[in-house]
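A short reminder: the numbers here are calculations on the coordinates, not readings from a lab. Being a predicted model, the structure only gives us computed values, none of them experimental. Every residue, glycine as well, gets a Cβ built from its backbone with ideal geometry; the counts of neighbours run over all protein chains shown.
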Amino acid sequence: MKLQDARKDHYRKLAHEQGFRSRAAYKLKELNQSYRIIGPGFGVLDLGCAPGGWTQMAVKLTGNQGKVMGIDLSYVEEIPGAYLIRENIEDEHVIDEIMSYFGRKINAVICDLSPKVSGNWSVDHAKQISLNYDCVKIMDKVLSNKGNAVFKVFDGEYSKEFTDYVKKKFARINLTKPKASRKQSSELYCVCLGFIG
Ligand SMILES: C[S@@+](CC[C@H](N)C(=O)[O-])C[C@H]1O[C@@H](n2cnc3c(N)ncnc32)[C@H](O)[C@@H]1O
């Protein structure tokens, strides 16, 4: 077995054993260990949350004083400690639903969005980046000063433009690839700390 396959298998097994719905949960765990995006008591918004691995991890990281909301186009089975809605994040009215749930600005926005892939790389890349701009629109309205964010980025033609755009809004950003992310996938994670608006 190749090292990469073994690693993939390792995270899948771990997710199964520890009751996480996706191996993706370990990407968030690892990012959080390095950057402390989420802490106890945080209000966290998870955009593109199905099947729910990141939401489950966010509930764990925020503890019982935290508040976690997840949004996805797909149905997500209930997660104790999280509020889930089935919506398109491109629809502007989701902001009202977010604000009415939290009732205040929040501490972290986490985005792991992927469009339904068409197989045409340029199209899929452009769509994924466009979804990230929609997330930023939401984030601008709901994230509190000094809050944190993370965006999955399909690395390609438009990714630098996107990261340059978010860079201006934060004290610090970092582009990284967690071990739990498959080496052959083009995804990177843009970790953004200290929102300045
Ligand atoms: C890679 S999955 C997220 C995995 C998740 N972080 C986890 O840990 O289980 C990407 C998700 O983005 C969602 N998505 C794509 N476009 C969306 C949109 N416009 N609005 C809401 N969700 C969207 C997809 O339905 C899909 O479930």
Which pairs do you get when a residue that is of a type in the set (K, R), found in region 123-142, comes within reach of a residue that is assigned to a helix (DSSP H, G or I), reach meaning Cβ atoms under 9 angstrom, with the pair 6+ apart or on two chains?
K137/I95; K141/I95; K141/I98; K141/M99
Output yes when any residue across region 80-93 is within 20 Å of T176 (Cα to Cα) and surrounded by 21 or more Cβ atoms within 10 Å (Cβ to Cβ), and no when none is.
no
Name the single residue that is surrounded by the fewest Cβ atoms within 10 Å (Cβ to Cβ) among those in region 26-52 being over 10 Å from the mean Cα position of the chain (by Cα), small (G, A, S) and within 12 Å of the ligand (Cβ to nearest atom).
A50
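What residue, among those in region 101-118 that are hydrophobic (A, V, I, L, M, F, W, C) and within 16 Å of the ligand (Cβ to nearest atom), is nearest to N148 (Cα to Cα)? Before the answer, list the steps.
Within region 101-118, the first condition is being hydrophobic (A, V, I, L, M, F, W, C), and the residues that meet it are 102, 106, 108-111, 113, 117.
Those still in the list that are within 16 Å of the ligand (Cβ to nearest atom) too: 108-111, 113, 117.
Values: A108: 5, V109: 7, I110: 8, C111: 11, L113: 17, V117: 28 Å.
Among those that are hydrophobic (A, V, I, L, M, F, W, C) and within 16 Å of the ligand (Cβ to nearest atom), it is A108.
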Test for K146: is it among the charged types (D, E, K, R) and assigned to a strand (DSSP E or B):
yes
